[in-house]
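A short worksheet on the structure shown next.
The values are calculated or read from the model by the stated rules, or taken from the named source; none is laboratory data. Values in this document were obtained by computation on a predicted structure and should not be read as measured data. Note that we place each Cβ from the backbone using ideal geometry, even for glycine, and neighbour counts take in every protein chain shown. Protein only, heavy atoms only, side chains kept; ligands, DNA and RNA dropped before computing areas. Shrake-Rupley method; radii C 1.70, N 1.55, O 1.52, S 1.80 Å.
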Amino acid sequence: MAAQNAQILFPVNVPGAFDYRIPHGMSVHVGDFVFAPIGKQMKLGVVFDIVEDDGTRKLKDVAQVKAAQPLSLEMLNFINWTAKYNCVSPGLVLRMVVRSYKALDPSPLVTQFSPSGQLPPKMSAARQAILDKGAPFPARASEIAERAGVSSGVVRGFEAAGGLRAQTLPVDAPFDIPDAEFGGMELTHAQRQASDELMAQVAKREFNVSLLDGVTGSGKTEVYFEAVAEAIKQGGQALILVPEIALTQAGMSRFEARFGVAPAPWHSQLGDAQRRRVWREAAQGRAQLVVGARSALYLPFPKLRLIVVDEEHDTSYKQEEGVIYNARDMAVVRGKIAKHSVVLASATPSLESLVNARTGRYAHVILPERPGAITLPEIDLIDLKDHPPEKGDFISAPLIEATQTVLARGEQAMLYLNRRGYAPLIICRSCGERLKSPDTDSWLVEHRRTGRAVCHQTGFSMRMPTVCPECKAEESLTPVGPGVERVAEEAARHFPDARIEIFSSDTAGNPAEIAARMARMEQGEIDILVGTQMVVKGHNFPNLTFVGVVDGDLALAGGDPRAGERTYQTLVQVAGRAGRADKPGHALIQTHQPDHEALSALAAGDRERFISAELGLREALLLPPFGKLAAVIISGEDLKRTESLAKKFVSLAPRADGVEILGPSEPPIGRLRGRYRRRLLIQAEPTVNLPAYMQSWRKRLKLPSKYKLQIDIDPQSFM
Ligand SMILES: [Zn+2]
């Protein structure tokens with residue numbers, strides 16, 4: 001029999017897999033984790049393929065097969081597909097999949113204790129405390145001791161006396177099995193119809209995509225829960241992707257209320273031990289209900305039956321660093337490869353998904369009603385040309401008046417401004433200097449609560465200077481423009497008796513603090529909440545009946561072709577915070593551009609008008625979803641060299657019909673963390689295979705070390 005070679009992919013940034021000889025007698029399969037030598041080191045990789053040896057090369061041997069659950073063929077396909085589509089090496093995608101080698105090993109065992117059901121003759125207060133406060137059992141001696149307020153010695157002594165039973169158990173307990181029948185909500189007729197449609201899709205056990213399209217508060221979550229229940233009933237796994245910001249205790253407890261158990265969580269705040277536990281349980285197919293941020297999509301589920309992408313339009317699904325990918329789009333790819341259902345849910349679906357639904361590629365499941373509330377809030381625009389705020393202020397008279405009316409009724413108001421800090425710009429009145437980040441083209445933002453000047457691009461911060469760094473003038477540095485802190489300060493002046501709190505990522509704190517603030521808002525202990533994007537997602541405040549948008553134009557600035565769409569989506573979501581219970585809501589939006597299509601359609605409550613205007617524009621300009629876009633960023637520490645590399649790259653572009661290359665040009669952030677950046681935009685007709693085109697182009701440039709070239713397929717950010 002001819003010798004066989006294993007093509008091994010390592011989790012590193014190299015173009016592809018390496019070939020190794022399979023020694024005689026070693027059993028190696030596709031998907032196995034194996035050790036093989038690279039240079040003098042032994043590295044762990046994954047067998048991507050097994051091929052006949054043609055005898056032309058002298059190859060090193062596979063050293064050892066690791067005893068671990070192999071990756072499935074579907075997972076390998078998914079890794080390959082992600083790499084090809086996003087123009088990165090498959091090794092980098094493998095690195096997203098295998099986050100920790102320890103997770104490949106079974107959980108370590110440890111002695112754990114639980115009550116034996118028998119009381120020893122000698123009971124003490126400390127022993128009684130173990131029974132009263134030591135739960136949940138079984139647990140380690142140290143955990144029980146901490147909860148019961150006793151020493152570990154007391155726990156062991158209680159076991160020796162027969163009051164506790166000791167067992168050797170895995171450190172990482174498996175997740176409880178969700179109960180599909182546990183807390184089913186009573187659904188309205190429309191919700192029932194929608195959930196029946198989704199359940200039927202899951203029951204087909206084949207690839208299909210549904211767009212669950214329902215206004216804010218229409219009960220989308222309850223509806224897709226039924227599809228999740230169907231997947232669980234089949235004995236399969238269900239993955240629910242949510243924006244990272246929604247992974248709060250409150251968000252998770254909804255799953256617990258429906259399925260009787262806490263889901264397995266996956267997000268960036270997870271500690272190493274928790275991460276290993278979730279990975280291992282997901283890989284073994286034992287964690288049936290996983291709720292996570294975008295990277296959860298790369299967990300190696302063997303029995304996936306459903307992926308839900310909640311708030312599918314959300315920009316946080318796009319990863320902008322490392323492997324640049326869109327988890328919403330890759331979820332559809334994974335569903336196609338593994339042949340299961342995908343549900344995209346949103347109150348404001350992306351135009352891409354809407355077009356897919358309208359052309360029949362996706363099933364379009366529409367939830368028209370809004371139970372518990374009569375209508376969507378009434379939205380009006382305030383033209384700032386007609387109603388300019390007082391000098392130095394940012395809140396106009398109509399907005400003040402409306403807020404006063406609401407407070408007088410004993411209801412709550414929210415002022416929305418998607419700008420953290422006190423002021424977005426700090427200018428010297430003597431010399432005109434603007435405080436700038438030292439290594440990045442970005443203005444420093446004043447944060448008055450912490451007394452610091454902060455770069456929002458890189459996180460750089462310094463103590464707020466007392467003299468101008470340029471001309472040394474004292475007390476000359478002046479804040480320009482509003483941030484949430486400044487709006488809260490102004491609101492305190494207009495409404496001296498109101499209880500005002502700020503909610504942004506700076507003030508949010510840990511999940512417990514977020515939950516506490518949300519609870520205060522829910523219980524009416526806050527009159528005016530001044531918030532950024534943070535408040536938009538998923539919080540229900542029954543007594544909040546008014547939302548004032550301080551700057552409705554903010555998202556329209558910049559060269560982003562989706563600016564109108566984003567503004568529309570954000571403002572619908574913000575306005576949707578108002579009047580969710582039995583009280584009708586009202587929203588006022590301050591703007592300099594009341595005639596902008598996004599804003600005027602919003603005020604008219606006419607989603608269809610906005611969508612058709614936007615789609616008409618995109619079609620005429622061949623922008624997504626009617627054409628394709630890719631971006632290239634070339635960066636390096638030397639400006640001239642970066643510029644010339646960008647020009648050289650353009651000159652190497654393969655000739656192709658239907659492809660247009662724009663640039664190189666200087667992006668809005670021309671320097672980031674000390675590296676100069678130049679940008680290309682590639683626009684292609686729908687028939688062009690843009691990833692393949694970009695990959696063949698990329699191969700033509702030999703990049704000097706320390707210079708970087710990043711390809712971004714279907715860019716969402718234009719910085
Ligand atoms: Zn100055």
Legend entry - Apportionment of accessible area to carbon and sulfur, the chain, percent (1.4 Å): 51 percent
Legend entry - Lone cysteines, the chain (no partner Cβ under 4.7 Å): C87, C455
Inset, instruction - Report the paramagnetic label zone for E206: residues of the stretch 333-358 whose backbone N is under 16 Å from a point 7 Å from Cα along the Cα-to-Cβ axis. - result: 335-342
Inset, instruction - Go ahead and run the numbers for FRET between Q167 and R147, Cβ-Cβ distance against an R0 of 22 Å, rounding to 0.05. - result: 0.75
Legend entry - Residue-normalised accessible area of the stretch 189-367, given per residue in Å² at a 1.4 Å probe: 31 Å²
Legend entry - Partners for K640 among aspartates and glutamates (Cα-Cα distance below 19 Å; same-chain residues under 8 apart left out): D439, D441, E666
Inset, instruction - Return the loop-located GluC sites (Glu not before Pro) in the stretch 102-206 (DSSP other than H, G, I, E, B) with at most 12 other Cβ atoms within 10 Å of their own Cβ; answer none if there are none. - result: E181, E186, E206
Legend entry - K84 versus R140: modelled label distance in nm, points set 7 Å from Cα along the beta carbon direction: 4.6 nm
Inset, instruction - Give a residue-ordered list of calculated ³J(HN,Hα) values for the stretch 402-413 (Karplus: 6.51 cos²θ - 1.76 cosθ + 1.60, θ = phi - 60°; whole Hz; x for Gly, Pro). - result: 5, 5, 4, 4, 5, 5, 5, 7, x, 9, 9, 10
Inset, instruction - Give me the accessible area per residue for the stretch 423-481, probe 1.4 Å, as a whole number in Å². - result: 55 Å²
Legend entry - Per residue accessible area in Å² of the stretch 109-170, where ligands, DNA and RNA are left out and the probe is 1.4 Å: 57 Å²
Legend entry - Amide proton proximity set for T478, modelled H, under 5 Å, gap of 5+: I427, C428, R429
Legend entry - Expected 222 nm ellipticity per residue - DSSP helices of 4 or more, -39500 (n - 2.57), all of the chain, to 500: -9000 deg cm²/dmol
Inset, instruction - Round to the nearest 0.05 the FRET efficiency obtained for K640 and K699 when R0 = 25 Å and r is the Cβ-Cβ distance. - result: 0.50
Inset, instruction - Pairs to check: K60/K102; K84/K318; K220/K628; K84/K706; K436/K472; K84/K647. Give those whose C-alpha atoms are more than 20 Å from each other in this structure. - result: K60/K102; K220/K628; K84/K706; K84/K647
Inset, instruction - Report, for the chain, the % of DSSP beta bridges that are antiparallel, rounded to 5. - result: 55 percent
Legend entry - FRET efficiency, 1/(1 + (r/R0)^6) with R0 56 Å, evaluated for R192 and F460 via beta carbons: 0.60
Inset, instruction - Would you mind working out the magnitude of the charge dipole of the chain relative to its Cα centre, with +1 at each Lys and Arg C-beta and -1 at each Asp and Glu C-beta, to the nearest 20 Debye? - result: 3040 debye
Inset, instruction - In whole Hz, with x marking every Gly and Pro, tabulate ³J(HN,Hα) for the stretch 62-67 from phi via Karplus 6.51 cos²θ - 1.76 cosθ + 1.60, θ = phi - 60°. - result: 4, 7, 6, 8, 7, 6
Inset, instruction - Arrange the residues S635, S651 by how much accessible surface each exposes, largest first, with a 1.4 angstrom probe. - result: S651, S635
